[in-house]
Amino acid sequence: MSREFVGFDPQELEIRQAHALLNACVAPRPIALTSTVSLSGCANLAPFSYFMAGGGSPLSIAISPGLNRHGEPKDTLRNLVETGEFVVNLVTPDMLDPMNRTSTELPYGESEWELSGLTPAPSVYVAPARVLESPISLECRLFHLLPHGDGPGSANYVIGEVVYIHAAADTLVDGRPDSSRLQYLGRLDGEWYTVVDERNRVRKARP
Ligand SMILES: Cc1cc2nc3c(=O)[nH]c(=O)nc-3n(C[C@H](O)[C@H](O)[C@H](O)COP(=O)(O)O)c2cc1C
C-alpha cells in the first residue's frame, strides 16, 4: 500500500491552526460539562472536551481549560484554583444545545446555568452543583494543576480525584452504569460531534 503523507510542524502554525489540527487528530472526545463555584459563591458551567480518565485507585480524571485568546485563565480554571472543587457532568446527545450555550463567554462572575436551561442539583461532598439532566456526574477535588505553556491557547492539566459519583438508576446493569443504557456525545473537529449509542457499539473480547 502506498499512501502519501503530509507533515505539520506545530512551530510553523498559528495557534488557531494548531488547535484545529489537534482537534482532528485526537477524536472523538467525551465532553466534561464542568460546574464550579467561585470563592464569593458565583456558579459557573462550561464544557471541556480535553477530558480523560486516568486511573481507578484513586479514581482520577483530567480536564484542560486552556488560557483564553488574551492569555488569561477561563472562569472554570479560576474557580478551580480558588476552591479546589468541581463537578464533571457527562453530556448526552439530547444535551447538545444546552451544553453548547454554556460555552458562551460571559464576564467573570456571571453564570451560564440560566442561559443553558439546565437544572442544578445539590452535590454530596463539594459545593458546585451537578447537572440534573446528566445521567452521570463526577464530584471531584483538585489533586494537581499542571500548566503547559503560558500564552493564549496553552494547556492547564487539571487532575481531579473523583470523590463521589451520581448515576441515573435507569443506566445501571448489574449495579453499574452500562454503555447499553447510555448515549454518549463525542466532540470531533470544528463544529462536528458524533453520537455513540447501543446500536453502533462494537464488541471485542481481549486476548
Ligand atoms: C464541546 C466543547 C468543548 C470545549 N472544550 C474545551 C476544552 O477542552 N478546553 C478549553 O479551554 N475550552 C474548551 N471549550 C471552550 C470553553 O467551553 C469556553 O471557552 C468557555 O467559555 C469557557 O467557560 P468559562 O470561562 O466559564 O470557564 C469547549 C467548547 C465546547 C462547545
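Given the condition within 16 Å of the ligand (Cβ to nearest atom) and either under 21 Å from residue 13 (Cβ atoms) or buried (at least 18 other Cβ atoms within 10 Å of the Cβ) (or both), answer yes or no: does some residue in the range 165-180 qualify? Taking every residue of the range 165-180 in turn, none turns out to be within 16 Å of the ligand (Cβ to nearest atom) and either under 21 Å from residue 13 (Cβ atoms) or buried (at least 18 other Cβ atoms within 10 Å of the Cβ) (or both).
Working only within the range 16-29, note down all residues that are within 10 Å of the ligand (Cβ to nearest atom) and under 20 Å from residue 98 (Cβ atoms).
Initial filter on the range 16-29 (within 10 Å of the ligand (Cβ to nearest atom)): 19, 23, 29.
Residue satisfying the conditions is 29 alone.
When you check residue 52 against the structure, is it within 11 Å of the ligand (Cβ to nearest atom), more than 27 Å from residue 11 (Cα to Cα) and of a type in the set (A, V, I, L, M), yes or no? Step through it out loud before you land on a result.
Details: within 11 Å of the ligand (Cβ to nearest atom): yes; more than 27 Å from residue 11 (Cα to Cα): no; of a type in the set (A, V, I, L, M): yes.
For residue 52, the condition - within 11 Å of the ligand (Cβ to nearest atom), more than 27 Å from residue 11 (Cα to Cα) and of a type in the set (A, V, I, L, M) - is not met.
From the set of residues in the range 93-123 that are away from the ligand (no atom under 13 Å from the Cβ) and farther than 12 Å from residue 140 by Cβ, which is surrounded by the most Cβ atoms within 10 Å (Cβ to Cβ)? Even if it seems obvious, please write down each step before you answer.
Step one: list which residues in the range 93-123 are away from the ligand (no atom under 13 Å from the Cβ), which gives 94, 114, 117-123.
Imposing the further condition that a residue be farther than 12 Å from residue 140 by Cβ reduces the set to 94, 114, 117-122.
Working: 94: 11, 114: 11, 117: 11, 118: 23, 119: 13, 120: 16, 121: 14, 122: 10.
Here the answer is 118.
Pairs linking a residue in the range 164-193 that is closer than 27 Å to residue 126 by Cα and in contact (Cβ under 8 Å) with a residue 24 or more places away in the chain to a residue that is acidic (Asp, Glu) and surrounded by 10 or more Cβ atoms within 10 Å (Cβ to Cβ), with Cβ atoms under 6 Å and 6 or more positions apart or on different chains, are 164/139; 183/197.
Are there any pairs, at least 6 apart or on different chains, whose C-beta atoms fall under 8 Å, with the first in the range 77-88 and free of Cβ contacts under 8 Å to residues at least 60 places away in the same chain and the second among the β-branched types (Val, Ile, Thr) and more than 9 Å from the ligand (Cβ to nearest atom), and if so, which? Close Cβ pairs (under 8 Å, with a partner that is among the β-branched types (Val, Ile, Thr) and more than 9 Å from the ligand (Cβ to nearest atom)) amount to 79/37; 83/37; 85/37; 85/126; 87/126; 87/131. The single condition from (1) within 18 Å of residue 193 (Cβ to Cβ); (2) touching a strand residue (DSSP E or B) at 6+ places or on another chain (Cβ under 8 Å) that residue 97 fails is (2).
For first residues located in the range 15-36 and in contact (Cβ under 8 Å) with a residue 12 or more places away in the chain, partners that are assigned to a strand (DSSP E or B) and of a type in the set (Ser, Thr, Tyr) and lie 6+ apart or on another chain with Cβ distances below 6 Å form the pairs 28/194. Within the range 124-142, not a single residue is more than 14 Å from the chain's Cα centre (by Cα), in a helix (DSSP H, G or I) and exposed (fewer than 14 other Cβ atoms within 10 Å of the Cβ). The set of residues in the range 47-98 that are in contact with a Phe, Trp or Tyr (Cβ under 8 Å, 6 or more places away or on another chain) and among the small types (Gly, Ala, Ser) comprises 60, 62, 64, 66.
Listed here are the residues, each with its yes/no results for (1) more than 11 Å from the ligand (Cβ to nearest atom); (2) exposed (fewer than 15 other Cβ atoms within 10 Å of the Cβ); (3) β-branched (Val, Ile, Thr); (4) assigned to a loop (DSSP other than H, G, I, E, B).
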residue: 33; (1), (2), (3), (4): no, no, no, no
residue: 40; (1), (2), (3), (4): yes, yes, no, yes
residue: 46; (1), (2), (3), (4): no, no, no, no
residue: 65; (1), (2), (3), (4): no, no, no, yes
residue: 73; (1), (2), (3), (4): no, no, no, yes
residue: 76; (1), (2), (3), (4): no, no, yes, no
residue: 86; (1), (2), (3), (4): no, no, no, no
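Values quoted throughout were computed directly from the atomic coordinates according to the rules given, and no laboratory measurement underlies them. For clarity, every value in this text was computed on a predicted model and none was experimentally measured. Here the Cβ is made from the backbone with ideal geometry for all residues, glycine too, and neighbour counts use every protein chain on show.
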